[in-house]
Amino acid sequence: MNKHLKELIELSKIDKAIDSYTPQLEAANKKVAKVEKKINAAQEELDTLNASIVENDAKVKTFEEQLTMLNEQLASNAKKSKDITTEKEMKALSLEEDIAKEKMTFANEEIERLQKINETTTLLVEEAKAKVEALAAEAESVNEVVSAEKAEIEKNKGELFVEREKLSRDLEQKVLAFYEKIRIWAGNTAVVPVKKQACYGCYMKLNDKTYSEVIKADEICNCPHCGRILYIESVTEEA
């Protein structure tokens with residue numbers, strides 16, 4: 001087999017091995033992203049519950065201020081009643097008092113309702129906090145596992161990069177440049193085997209002349225259909 005072809009086959013295998021770690025890294029990152037998504041959702045739920053409590057507290061405060069004003073109004077009306085001399089004035093004052101008392105009843109009912117809601121919401125807040133804490137612990141555990149996985153992957157990739165660098169230095173630069181040019185568009189299928197007289201990059205059948213040249217392997221042969229570098233696998237490789 002042509003020396004350069006043999007080197008390109010080996011280089012192609014190293015590149016495939018390096019790139020095979022990409023899906024593993026993506027899978028590891030997805031594990032982290034998945035638990036982070038859960039944490040964000042739980043934290044959002046907690047924030048919503050806390051915001052609801054703050055909002056209801058503000059409403060209670062507004063109703064309490066309204067009650068203070070209404071009480072002051074009733075006290076003022078009680079003083080005015082001593083100076084009333086006509087029935088018309090008495091009816092007008094009585095109507096004001098009735099309206100004020102209705103408002104006070106409504107305000108008290110709303111305060112009670114909002115306070116009960118906040119009591120229930122406070123319990124939900126505690127549950128949400130516990131959920132966030134549990135997910136944070138899960139995230140820490142996942143991060144430890146993923147960090148170990150990624151460190152092992154980077155270690156293996158580093159070893160392959162060293163091997164690739166050594167092989168690239170030994171390769172004739174024109175041959176390497178030729179391979180890299182094809183790899184730009186073909187990726188890890190820049191060098192492919194021929195099986196059943198077909199290119200295993202584009203799966204097109206080779207003519208007899210090209211197939212014969214690939215079998216001889218005296219020179220680097222390209223697929224006439226797609227341009228990939230071709231070679232015949234040995235029996236052991238096919239097995």
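Among residues of segment 188-213 being hydroxyl-bearing (Ser, Thr, Tyr) and either in contact with a Cys (Cβ under 7 Å, 6 or more places away or on another chain) or in a helix (DSSP H, G or I) (or both), the one that is farthest from Thr22 (Cα to Cα) is Ser212. Taking the criterion of being assigned to a helix (DSSP H, G or I) and open to solvent by 50 Å² or more (accessible area, probe 1.4 Å), the residues of segment 9-26 that qualify are Glu10, Lys13, Lys16, Asp19, Thr22, Pro23, Gln24, Glu26.
Residues that are assigned to a loop (DSSP other than H, G, I, E, B) and open to solvent by less than 20 Å² (accessible area, probe 1.4 Å) were ranked within segment 214-230; the one that is modelled with the highest pLDDT is Cys223.
If you go through segment 75-110 and pick out every residue that is surrounded by 14 or more Cβ atoms within 10 Å (Cβ to Cβ), aliphatic (A, V, I, L, M) and within 30 Å of Asn56 (Cβ to Cβ), you end up with 3.
Restricting segment 148-164 to residues that are hydrophobic (A, V, I, L, M, F, W, C) and open to solvent by 70 Å² or more (accessible area, probe 1.4 Å), the residue that is farthest from Lys37 (Cα to Cα) is Val162.
Scanning segment 167-226 for residues that are closer than 15 Å to Glu10 by Cβ and aromatic (Phe, Trp, Tyr) turns up just one, Tyr179.
Among the residues of segment 60-74, is any at pLDDT 95 or above and under 22 Å from the mean Cα position of the chain (by Cα)? Looking through segment 60-74, none of the residues is at pLDDT 95 or above and under 22 Å from the mean Cα position of the chain (by Cα). From the list Val125, Val145, the lone residue that is open to solvent by 60 Å² or more (accessible area, probe 1.4 Å) and closer than 30 Å to Val35 by Cβ is Val145.
When you look at Ala51, is it under 36 Å from the mean Cα position of the chain (by Cα), in a helix (DSSP H, G or I) and at pLDDT below 95, yes or no? Considered against the rule, which asks whether it is under 36 Å from the mean Cα position of the chain (by Cα), in a helix (DSSP H, G or I) and at pLDDT below 95, Ala51 comes out as no. Identify the residue in segment 95-131 that is under 37 Å from the mean Cα position of the chain (by Cα) and of a type in the set (S, T, N, Q) and, among all such residues, is farthest from Asn50 (Cα to Cα). Residue satisfying both the conditions and the ranking: Thr120.
Quick grid of which residues meet (1) within 30 Å of Asp19 (Cα to Cα); (2) among the basic types (Lys, Arg):
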site	(1), (2)
Ser94	no, no
Ile99	no, no
Lys116	no, yes
Leu124	no, no
Ala130	no, no
Glu133	no, no
Ser141	yes, no
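The values are calculated or read from the model by the stated rules, or taken from the named source; none is laboratory data. Model, not experiment: these values are computed from the prediction. Positions of Cβ are generated from backbone atoms using ideal geometry, with glycine treated the same way; all protein chains shown enter the neighbour counts. For accessibility, only protein heavy atoms count, side chains too; no ligands or nucleic acids. Shrake-Rupley method; radii C 1.70, N 1.55, O 1.52, S 1.80 Å.
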